[in-house]
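What follows draws every value from the coordinates through simple rules; no lab data is involved. Computed from a predicted structure; not experimentally measured. In this analysis, Cβ positions are derived from the backbone assuming ideal geometry, glycine residues included, and neighbour counts consider all displayed protein chains.
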Protein chains: 2
Amino acid sequence: MQRTYVKDLKNKIGEQVSIKGFVHAIRDQGGIKFLIIRDVTGLIQAVVLKSEKAVFDFVKELTLESVIEIEGLVKDQKNAPNGFEILALTINLLSKSEAQLPIPVVTEKSGEETDQTIRFDYRWIDLRKPEKLAIFKAWTEFEKGIRKYFDNNNYLQIYTPSFMSTSSESGAEVFEVKYFDRKAYLAQSPQFYKQMAMAAGFEKIFVWGPVYRAEPSYTTRHVTEFTGLDFEISYIESHHDIMSEMERMLIAGFTQLKASGIAVEIPFTPFPQMTLKEVKEKIKHLGIKNEKDYDINAEEERELGRIVKEETGHDFVFVIDWPIQARPFYHMRHGKNMELTKSFDLVYKGLEIVTGAQREHRSEILEKQAVDKGMDLEAVKEYISFFKYGCPPHGGVGIGPARIIMKMLDLPSIKEAIFLPRDVKRLTP
Amino acid sequence: MQRTYVKDLKNKIGEQVSIKGFVHAIRDQGGIKFLIIRDVTGLIQAVVLKSEKAVFDFVKELTLESVIEIEGLVKDQKNAPNGFEILALTINLLSKSEAQLPIPVVTEKSGEETDQTIRFDYRWIDLRKPEKLAIFKAWTEFEKGIRKYFDNNNYLQIYTPSFMSTSSESGAEVFEVKYFDRKAYLAQSPQFYKQMAMAAGFEKIFVWGPVYRAEPSYTTRHVTEFTGLDFEISYIESHHDIMSEMERMLIAGFTQLKASGIAVEIPFTPFPQMTLKEVKEKIKHLGIKNEKDYDINAEEERELGRIVKEETGHDFVFVIDWPIQARPFYHMRHGKNMELTKSFDLVYKGLEIVTGAQREHRSEILEKQAVDKGMDLEAVKEYISFFKYGCPPHGGVGIGPARIIMKMLDLPSIKEAIFLPRDVKRLTP
């Protein structure tokens with residue numbers, strides 16, 4: 001018999017069906033037993049009567065989280081959680097679980113979840129909870145929406161390499177790999193590769209792929225490996241073109257989420273914008289300590305998010321006009337004020353989720369800016385050579401999708417938005 | 001003025017337009033100069049008359065591969081390559097190229113391309129050739145089609161980590177990473193992670209992401225880092241369900257390619273199938289040397305592809321019924337013949353592009369099969385634990401998309417299908 005998903009049972013009342021899933025719960029009421037079965041689409045109650053002896057005896061031995069197939073009759077039952085249930089006629093065991101589960105799948109009555117470390121040790125069981133599965137459904141839909149935007153706007157997709165011969169831009173916090181008889185390094189960002197695509201005339205590209213950060217961070221928003229989303233586009237007038245593109249892309253993601261039935265609000269446009277100077281002014285009265293007057297820290301971001309939400313009702317805010325001290329040498333400078341860069345951050349619910357900029361595409365100015373930053377020209381020579389044989393003006397962004405999902409779903413840590421998170425201490429499972 | 005893409009100029013005859021692109025060619029005929037301009041959509045001839053003095057003088061200094069903006073009039077011109085051209089009225093320099101290009105963008109008259117090593121040293125210039133760009137347009141469309149299939153069939157997308165605490169399945173040919181105060185290894189495949197998703201009840205998932213192979217190979221079909229496409233699905237009856245899914249997924253990719261205007265033939269279904277034994281029988285007369293009677297080598301694959309094409313007209317062939325010696329311990333065995341696994345390879349134009357199988361999901365049988373293979377149970381204990389708390393029957397595939405693109409477009413090497421290839425010798429640019 002063809003399998004029916006739990007979500008489709010409501011259309012099958014009075015019919016005989018086959019369902020497959022995990023045994024989420026077992027309740028025993030003497031002459032009657034209730035099973036809650038969980039598949040990827042939801043939960044359903046199955047009832048097992050003593051009169052169905054073979055099935056009834058089988059359920060006596062059944063362990064929680066075993067995987068079974070039930071054939072039975074879908075019946076109206078106003079006391080059942082869904083308003084209907086399945087009367088089990090045959091049960092087939094597909095996989096038996098050990099009786100003792102290392103962590104519970106059903107959240108404790110206390111409402112308190114098992115400690116994160118233990119949960120992550122058994123991540124494949126932790127992820128069985130419907131509310132965890134929902135995180136990855138949200139990611140799938142969000143990415144689908146963003147990709148629709150790219151597809152409808154002539155983007156090319158590229159995959160960029162992880163292996164680099166030298167440690168990339170910052171030089172610090174890069175993982176080293178034993179690469180045959182020499183060393184390689186893992187890319188911290190596809191930044192330079194994306195720019196090569198612009199120099200190659202690809203015009204509009206996007207990249208979804210891993211980036212690696214050897215930061216010994218123990219915060220709720222850092223991991224050593226995460227999926228980055230980057231796009232880069234040519235023939236822009238300024239970073240404001242990138243910001244508009246960023247807005248449209250996010251709207252496409254939220255629209256798809258909403259269309260798929262996930263309860264999100266689509267942010268209105270244009271998103272609020274503030275210069276870094278205005279941000280500093282706005283939060284000055286809070287007395288947050290930050291010795292850098294050209295940058296904002298995590299606490300300042302949080303307060304900025306709170307204030308913008310109060311004042312405008314918006315969850316997003318672009319911070320623009322970043323001083324050159326806060327930005328890498330390849331960010332283009334304002335023509336009118338050479339101390340400022342044509343760059344931005346996008347803050348979502350008080351967390352930076354995007355950094356973007358127009359890049360400097362003129363090799364002689366790039367050289368000058370590298371020298372200004374006190375960099376060794378020899379070290380950036382190869383990078384600068386990408387711009388010596390013609391390159392359109394261009395810019396782009398680096399986005400942290402897991403941070404967006406974390407904030408969107410109000411998760412306590414970015415690790416909850418990652419299938420198998422990796423941090424300083426964690427390399428398993 | 002709003003920019004017009006070259007491909008859209010045919011609808012603008014008689015109108016004034018702005019185009020942007022690289023200077024692909026310059027021809028000088030005394031009182032008249034011709035430029036060929038290249039953007040991401042195509043090539044167009046621009047004509048510069050001596051009477052337009054400012055523009056004419058500017059073009060005298062213009063270097064090949066500089067990036068310019070031209071405003072001008074689109075005019076019918078039956079002698080022009082497209083049947084029309086642009087009469088340049090103003091030209092604006094966006095980026096000047098050095099006069100001496102390290103490699104030519106226009107393929108030499110001899111038809112011979114610059115040596116691959118030199119081309120790859122200047123990959124961002126190599127990729128300017130329209131025929132190279134076309135490779136990445138094809139990849140983008142192919143992936144788009146495959147993703148449509150996943151989207152329409154309730155798949156979840158997951159990203160799996162690269163960092164592992166131990167060297168994965170084979171143990172050999174794994175890259176080692178300095179990971180804070182210990183060692184990590186780069187995943188050779190998302191295989192175990194995908195299976196964890198099945199144990200978590202995700203039911204149908206796909207993964208696009210990098211895999212790393214520390215093989216010192218110098219062939220046209222090996223690289224040290226490539227993008228893998230993997231899917232895994234639950235509640236299958238056998239590997240034949242996976243093979244059907246594989247067919248449908250590929251058809252979706254080819255259909256999208258064709259719809260986007262790329263000249264490909266959509267393969268017909270069902271794809272031919274042969275057991276490994278039948279393959280060996282079929283190519284026996286060729287006398288290809290292979291000491292393994294339970295496996296086929298690259299030459300045998302090539303001949304198999306040729307013969308299947310001749311006999312059936314099909315570019316694809318599934319090879320099934322692989323002996324256990326050729327397969328890892330976690331492939332499920334045939335009930336009827338325990339010496340054979342429920343696994344397959346898919347060969348496309350004589351090259352293996354996919355390996356798939358039903359996995360063994362019963363922990364006690366997995367343990368037995370690991371012992372049979374002479375493995376240390378301690379080393380696979382963590383893996384086997386994924387199956388101890390309930391896991392649906394499942395299977396899936398690992399696909400090499402770059403191999404598919406290589407064969408589809410008849411490229412001489414897999415490296416041509418990769419934006420920035422990495423091999424034993426190459427870590428740049």
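Listed values, structure above:
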read-out: Inter-centroid distance (Cα atoms) of the range A:288-343 relative to the range B:218-263, Å; value: 44 Å
read-out: Within straight-line cross-link reach of B:Lys148, lysines at Cα separation under 18 Å, skipping those fewer than 8 residues along the same chain; value: A:Lys137, A:Lys144, A:Lys148, B:Lys137, B:Lys204, B:Lys258
read-out: FRET E, pair A:Asn82, B:Leu286, Förster distance 45 Å, beta-carbon r, rounded to 0.05; value: 0.15
read-out: Prolate/oblate/rounded call for the range B:226-349, Cα gyration tensor, a/c under 1.5 rounded; value: oblate
read-out: Proportion of all alpha-carbon pairs of the range A:25-76 beyond 13 Å (%); value: 59 percent
read-out: With eigenvalues of the C-alpha gyration tensor scaled by 5 and rooted, the range A:194-289, Å; value: 26, 22, 20
read-out: Rotational relation B to A, axis-closest Cβ in chain B, residue and distance rounded to whole Å; value: B:Val177, 3
read-out: For B:Ile262, inter-copy label distances in nm, listed shortest first [label point 7 Å out on the Cα-Cβ vector]; value: 2.8
read-out: Loop-located chymotrypsin sites (Phe, Trp or Tyr not before Pro) in the range B:187-262 whose Cβ has at most 12 other Cβ within 10 Å (DSSP); value: B:Tyr218
read-out: Net dipole in debye of the protein assembly as shown [+1 Lys, Arg Cβ; -1 Asp, Glu Cβ; about Cα centre; nearest 20]; value: 800 debye
read-out: Rounded, prolate or oblate (a/c below 1.5 giving rounded, otherwise prolate when a/b exceeds b/c) for the range A:130-417 by Cα gyration tensor; value: rounded
read-out: Neighbour-count ranking [beta-carbon atoms within 10 angstrom, fewest first] of B:His361, A:His314; value: A:His314, B:His361
read-out: Sequence-distant aspartates and glutamates (8 or more away, or on other chains) whose Cα lies within less than 16 Å of B:Lys289; value: B:Glu281, B:Glu299, B:Glu300, B:Glu301, B:Glu303
read-out: Radius ratio Rg over Rh of the range A:6-95, counting only Cα atoms, Kirkwood formula for Rh; value: 0.92
read-out: Residues B:Ser260 and A:Ala25, FRET efficiency given R0 of 51 Å [Cβ-Cβ distance, rounded to 0.05]; value: 0.55
read-out: Cα-based shape type of the range A:298-423, given that a ≥ b ≥ c are square roots of the gyration tensor eigenvalues and the cut on a/c is 1.5; value: prolate
read-out: Neighbour net charge for B:Asn337 - beta-carbon separation under 14 angstrom, K R +1, D E -1; value: +3
read-out: Lysines whose Cα lies under 24 Å from that of A:Lys178, excluding same-chain neighbours fewer than 8 positions away; value: A:Lys425, B:Lys178, B:Lys183, B:Lys415, B:Lys425
read-out: Candidates A:Lys282, A:Lys129, A:Lys292, ranked by Gaussian network fluctuation over chain A, Cα under 10 Å, top entry; value: A:Lys292
read-out: Label geometry 7 Å along the beta-carbon vector: A:Ile384 inter-copy distances in nm; value: 6.0
read-out: Potential lengthening between A:His240 and A:Gln2 on full extension [0.36 nm per residue; Cα-Cα distance subtracted]; value: 80.3 nm
read-out: Candidates per trypsin sites (Lys or Arg not before Pro) in the range B:58-138, loop by DSSP, up to 10 other Cβ within 10 Å; value: B:Lys78, B:Lys109
read-out: Sparsely packed trypsin sites (Lys or Arg not before Pro) within the range B:299-378, loop by DSSP, other Cβ within 10 Å at most 10; value: B:Lys336
read-out: Inter-copy separations for B:Gln116, label at 7 Å along Cα-Cβ, nm, ascending; value: 4.6
read-out: Cα-derived Rg over Rh, computed across the range A:75-127 with Rh taken as Kirkwood radius; value: 1.11
read-out: Against the rule of thumb 2.2 N^0.38 Å, how large the Cα Rg of the range A:350-429 comes out; value: 1.61
read-out: Two-decimal log10 I(q)/I(0) for the protein assembly as shown, as the Debye equation yields it once each C-alpha is a single scatterer, q = 0.08, 0.11 Å⁻¹; value: -0.80, -1.40
read-out: Lysine pair number, Cα distance threshold 19 Å (strictly under), the range B:6-100, separation 8 or more or different chains; value: 22
